[in-house]
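Where a number appears in this text, it was derived from the coordinates with a stated rule and is not lab data. Fair warning: this is a prediction, and the values are worked out from it, not measured in the lab. Here the Cβ positions follow ideal geometry from the backbone for every residue, glycine too, while neighbour counts run over all protein chains shown.
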Amino acid sequence: MINKGTGWDIEKVRRDFPILREQVYGKPLTYLDNAATTQKPQIVIDTLTQYYAKENANIHRGIFCLSEQATKRYKSARHKVQGFLHAASDQEIIFVRGTTEAINLVAHCYGKTFLKPGDEVLIPHMEHHSNIVPWQILAEQNGIKLKVAPINDQGELMMEEFVKLLTDRVKFVSVVHVSNALGTVNSVKEIVRLAHAKGIPVLVDGAQAVAHTSVDVQDLGCDFYAFSGHKLLGPTGVGVLYGRKELLEKMPPYQGGGDMIRSVSFEKTVYNDLPYKFEAGTPHIAGVIGLGAAIDYISGIGLDRIEVHEQELLKYGTKKLLEVPGLRIIGTAKQKSAILSFVLGEAHAHDIGTILDRQGIAIRAGHHCAMPVMQRFKVPATTRASLAFYNTVEEIDRMVAALHEVTEVFQ
Ligand code: 7TS
């Protein structure tokens, strides 16, 4: 069926994802846990298989054909990421294991070098643990202070409070683009503008953004941007840290080893140029090439169309969920991505998850690695459906019907 808003045939799109044809307990798989990880299109799976079956060689070192080819493909993937993020240079694209490693890299290399005891790092209350704990480790080791900007009952960052907290002691701001627990889309451009007016660098955690909206790091103006390949239809174990060249050049390396050096002697080691300075050792070559294929695929579908489709699903899903007796949505920001977090009467999220699982419906139950968000909303956990462009209205109907059954069980 052709969707009027997006002009695409959803069934055709779904055929690109072999796992969507799978059954669970004899029921069609209804995959609604895309914030945890997205499914992979056939072209990404084929790219990985092809690489290992026909092209496998280490990069940057062999003078033989396969190694040169692998090096070329690795480089080409970096170029694709540069285009995807609209970065000024591919030297600003560092391949890492994922968002978590990217943030840890910045906390370690930038934080340990440029932040002094008493300096403050400001984050919103809605952050994933991976944008909290690295700063707490830095606080323990370097004596910096972590400051938290409050969120309102809709799950939006309270901008007036944020501005008040942005004092002269704040030397770094780290903020999620899209909250994985609430779906809130932060006004990142405005946050960057406010911080930069005071000379404060900003890191953006883009883990939940890149597969759902188009990102232009130069337009946002941010200094660092982090994301994971596996949440963007790509393989696990690979991700990206974008960093402004000027800052990356000033930062010391993250890890030492092969590839990150130009020359080594026991007296003096000279580090390599960007981006290699931050890529010690053999990288996840297949993963990077697979991520390149994922970027080609998603760009072919078009993030503008993806956004239209997902916003339609969000609107529909919100309306249908609110028809379930006793259901309360946690996270009702005006600017919201297609994430539906909710609590349902007295039913525990894990029980809901188990009941839905028996119907082949994969959703997440728990704190979503955002325990402070649960504390803010005074709930132990939420049930969360997180949507992707290959999800359908029928899948939402299936989930909602199962939730009606849950309410009957718990009455
Ligand atoms: N930041 C955000 C906003 C996230 O949602 C996640 C993962 C991460 C960072 C960490 O990404 P990783 O790839 O390095 O692990 N979020 C989730 C989730 O919502 N459910 O499972 C993982």
Problem set entry | In degrees, nearest ten, helix 285-301 long axis to first principal axis of the chain (Cα) | 50 degrees
Exercise. If we sort 245-252, 187-194 on the protection proxy, mean other Cβ atoms within 10 Å, highest first, what's the order?
Worked result: 187-194, 245-252
Exercise. Distances over 15 Å make up what percent of all Cα-Cα pairs in the stretch 242-315?
Worked result: 69 percent
Exercise. Which of the aspartates and glutamates could a cross-linker bridge to Lys40, judged by Cα under 17 Å and excluding same-chain residues fewer than eight apart?
Worked result: Glu11, Asp16, Glu22, Asp296
Exercise. Cα axis of helix 133-142 to longest principal axis of the chain: angle in degrees, 0 to 90, nearest 10?
Worked result: 40 degrees
For this session: Mark the label point 7 Å from the Cα of Lys189 along Cα→Cβ and return the residues of the stretch 319-363 whose backbone N is within less than 16 Å of it.
Result: 335-336
Exercise. Can you give the calculated 222 nm mean residue ellipticity of the chain, where each DSSP H run of n ≥ 4 adds -39,500 (n - 2.57) and the sum is split over every residue, rounded to the nearest 500 deg cm²/dmol?
Worked result: -11000 deg cm²/dmol
Exercise. Which percent of the Cα-Cα distances in the chain go past 36 Å?
Worked result: 28 percent
For this session: List, in order, the whole-Hz ³J(HN,Hα) value for each residue of the stretch 356-361 obtained from phi through the Karplus relation with A = 6.51, B = -1.76, C = 1.60 and θ = phi - 60°; use x for Gly and Pro.
Result: 5, 4, 5, 9, x, 9
Seminar exercise, completed: Scoring the chain by relative contact order with C-alpha pairs under 8 Å, at least six apart, yields a percentage of 22 percent
Seminar exercise, completed: A chain fully extended from Asp357 to Gln154 at 0.36 nm per residue, minus the present Cα-Cα distance, gains in nm 70.2 nm
For this session: Show which aspartates and glutamates lie in cross-link reach of Lys112 when reach means a straight Cα distance below 16 angstrom and same-chain residues fewer than eight apart are skipped.
Result: Glu101, Glu120, Glu140, Glu249
Exercise. With each pseudo-label sitting 7 Å past Cα toward Cβ, what's the Lys54-Phe410 distance in nm, one decimal?
Worked result: 5.2 nm
Seminar exercise, completed: Between Phe114 and Ile63, the FRET efficiency computed from the C-beta separation at R0 = 45 Å comes out, to the nearest 0.05, as 0.70
Exercise. What do you get when you divide the Cα radius of gyration of the stretch 138-286 by 2.2 N^0.38 Å, with N the number of residues?
Worked result: 1.20
Exercise. What full-extension length gain, to one decimal in nm, is calculated for Ala88 and Tyr316 as 0.36 nm per residue of separation minus the Cα-Cα distance?
Worked result: 78.3 nm
Exercise. Roughly what would the spin-label model give for His350 and Glu161, points 7 Å off Cα along C-beta, in nm?
Worked result: 3.0 nm
For this session: Please give the helix 393-410 orientation as an angle from the longest Cα principal axis of the chain, in degrees from 0 to 90, rounded to the nearest 10.
Result: 60 degrees
